[in-house]
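To start, the structure itself, in structure tokens.
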Amino acid sequence: MRAALLAIALFVTSGSALAADFSDPDWPCVQRKVPKLWVGQMWSGPPIEETDLKAWRDVPDVAALAPVLAVRRTSDADAETLVSDFAESAGEARADKLRLVFAGAFTLISRERSEIIGGIGRYARTQTALSQAIEATQNQLTELQAIENPDFDTQDRIEEIEDKLIWDTRIYKDRQQSLTYVCETPVILEKRAFALARMIMNKLD
């Protein structure tokens, strides 16, 4: 295990462990960074104005439904049912209310997605700092290991540095695995918004 983790430490310091969008040095994900979603990218129904992205909160039944549709724990099947029931009960105001429902769900999804993208950038900077610390520790270890006939104090120092290197590398590896999952989240949210747009537009007619 010690040898394996030390090998990982060398991989980390080689600079190959972080995939990055080179247009943004703080973006570590394989997925292309799309900083912001635009409602027009996914909605081709009645126009949604900038004011609608706030006005939806002023319509009680819309304000109640939009957050439920926006959260990821609401399945697509449940969302479909909720949208259908809402459309049936909306009466003559159906088109306008459905438009506002999407405006609300989109606003909430977009906000969550922006927060996650910001968090990924901060997380990546932390990983970069840890990678640099691992590199410094590795260099220190290499220098000590190059000493011929090291005394007991030097041997103890080598073991101490190896332990630190193993610990920091384990933390880096665990965080990197978590980052792989987090990097998928903006894409999941984007797909959610597209799915809701399709569901809602299907109920406009």
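The values are calculated or read from the model by the stated rules, or taken from the named source; none is laboratory data. The shown structure was predicted, so the numbers you read here are calculated from the model rather than taken from an experiment. Neighbour counts run over all protein chains shown; Cβ positions are idealised from the backbone, glycine included. Accessible surface is based on the protein model in full, side chains and every heavy atom, while ligands, DNA and RNA are left aside. Shrake-Rupley method; radii C 1.70, N 1.55, O 1.52, S 1.80 Å.
Structural remarks
- The C-beta contact set for segment 103-131 (first residue under 18 Å from T169 (Cβ atoms), second residue open to solvent by less than 20 Å² (accessible area, probe 1.4 Å) and aromatic (F, W, Y), distance under 9 angstrom, 6+ apart or interchain) comprises A124/W27; Q127/Y172; L130/Y172; S131/Y172.
- E80, sole failed condition from (1) of a type in the set (D, E, K, R); (2) at pLDDT below 95; (3) under 17 Å from R198 (Cβ atoms): (2)
- The residue pairs whose first member lies in segment 146-165 and is free of Cβ contacts under 8 Å to residues at least 12 places away in the same chain, whose second member is among the hydrophobic types (A, V, I, L, M, F, W, C) and part of a helix (DSSP H, G or I), and whose beta carbons are closer than 8 Å, counting only pairs six or more residues apart or on different chains, are P150/L144; P150/I158; T154/L144.
- Qualifying residue in segment 156-175 (condition: among the hydrophobic types (A, V, I, L, M, F, W, C) and open to solvent by 60 Å² or more (accessible area, probe 1.4 Å)): yes
- Search result, residues across segment 44-73 that are closer than 18 Å to A87 by Cα and among the hydroxyl-bearing types (S, T, Y): S44
- Within segment 166-188, tally of residues that are under 13 Å from A124 (Cα atoms) and aliphatic (A, V, I, L, M): 2
- When residues of segment 190-205 are limited to those that are within 22 Å of the chain's Cα centre (by Cα) and among the charged types (D, E, K, R), the one most open to solvent (accessible area, probe 1.4 Å): K191
- Criterion violated by E148 - all others in (1) at pLDDT below 90; (2) in contact with a Cys (Cβ under 8 Å, 6 or more places away or on another chain) satisfied: (2)
- Filtered residues of segment 25-74 (kept if assigned to a loop (DSSP other than H, G, I, E, B), without any contact (Cβ under 8 Å) to a residue 60 or more places away in the chain and open to solvent by 50 Å² or more (accessible area, probe 1.4 Å)): P25, R32, W38, P47, E49, E50, T51, R73
- Every residue from segment 144-155 that is assigned to a helix (DSSP H, G or I) and either surrounded by 12 or more Cβ atoms within 10 Å (Cβ to Cβ) or under 22 Å from the mean Cα position of the chain (by Cα) (or both): L144, Q145, T154, Q155
- Segment 75-111: number of residues that are in contact with a Pro (Cβ under 9 Å, 6 or more places away or on another chain) and surrounded by fewer than 16 Cβ atoms within 10 Å (Cβ to Cβ): 2
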